[in-house]
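A short worksheet on the structure shown next.
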């Protein structure tokens, strides 16, 4: 295996990033932007391919990204996450020689520096079509803000239970660390096209097109592809990795806009779970219709 067989993709949006030293622990864009720049420089430096979609960062941040040789950057005026993820993924899939595509939040430095080898190995050895990295629990609990650890543990529990209830996971399956957000895909054009097709909410349009829900934010680009892969029988594997949350980011989320982050986590968990339940109902309805036709 060579690092050039791996492409890392992600979306960035740091409109308030600035050069120089951090002026306040409340400056989220500055903290995350610095982490992103470190990750990109490291990844390119060790030979990984990287494709990013920028949703409207500050000119200074975008300029810093462009200075890094070898990174492919697209600009988008759409601030929703799913369109950017799809654009980056399909651009990466066309890079000659790429066998594994890693989707992650680029500010998760430890994942890129310490966890990629374990995460991509089942793809390159052709033991899996998709890998969902799982955070080693002691490091997860120790390095994350307490409210975030508890929220994502609960989110994973609910998500996995829903998958089991629809027969997509066995009763014995330990479940996936879905809320970690990182995924690794085999560069299989047929599979990628199938699982990243956009779901518009039908037949639940009235509910899922309300202001509370937006499938193009998280579900269509990050969560539903895994559900579709399980539904269609692709091999989805969990791999435990020694990920450590960045200390400065933890401090920002504990001491900066703490209440805002807590509300954001609750909202994300609620919408992602509700969208999943409707999507599973849609898949079940689709399967029933197919059985009746045959």
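Before moving on, here are some points about what is shown:
- Antiparallel %, DSSP beta bridges [both residues in the chain], to 5: 20
- You can think of it this way: the chain between residue 21 and residue 174 has 50.8 nm of extra reach, that is 0.36 nm per residue less the Cα-Cα gap.
- With a cut-off of 18 Å on the backbone N, the residues of the stretch 230-272 near the modelled label site 7 Å out from residue 194 along Cα-Cβ are 230-237.
- Degrees, to the nearest 10: 258-293 long Cα axis against longest axis of the chain: 30
- Euclidean distance of C-alpha centroids, the stretch 231-261 and the stretch 10-40, integer Å: 17
- Among (i) 20.3, 65; (ii) 18.7, 65; (iii) 19.1, 57, the entry that matches Rg and Dmax of the Cα atoms in Å as calculated here: (ii)
- 286, 21 arranged by Cβ crowding within 10 Å, fewest neighbours leading: 21, 286
- Residue separation of residue 286 and residue 157 scaled by 0.36 nm, minus their Cα-Cα distance, works out to 43.9 nm of gained length.
- Relative contact order computed over the chain (Cα-Cα under 8 Å; 6+ residues apart), in percent: 23
- With contacts taken as Cα pairs under 8 Å at a separation of at least 6 residues, the stretch 29-110 carries a relative contact order of 38 percent.
- Between residue 150 and residue 270, residue separation times 0.36 nm minus the direct Cα-Cα distance comes to 41.8 nm.
- Cα→Cβ-extended label distance, 7 Å offset, between residue 247 and residue 232, nm: 4.4
- Panel order for 183, 265, by other beta carbons found within 10 Å of each beta carbon, from fewest to most: 265, 183.
- Using distinct alpha-carbon pairs, which all enter the 1/r mean, Kirkwood radius of the stretch 69-118 in Å: 12.6
- Placing pseudo-labels 7 Å out from each Cα toward the beta carbon at residue 113 and residue 2 gives an inter-label distance of 2.6 nm.
- Given R0 = 30 Å, the distance between the Cβ atoms of residue 127 and residue 164 translates into a calculated FRET efficiency of 0.85.
Each value in this text was obtained by applying a stated rule to the coordinates, not by laboratory testing. Here the structure is a predicted model, which means the values were calculated and not measured. Note that we place each Cβ from the backbone using ideal geometry, even for glycine, and neighbour counts take in every protein chain shown.
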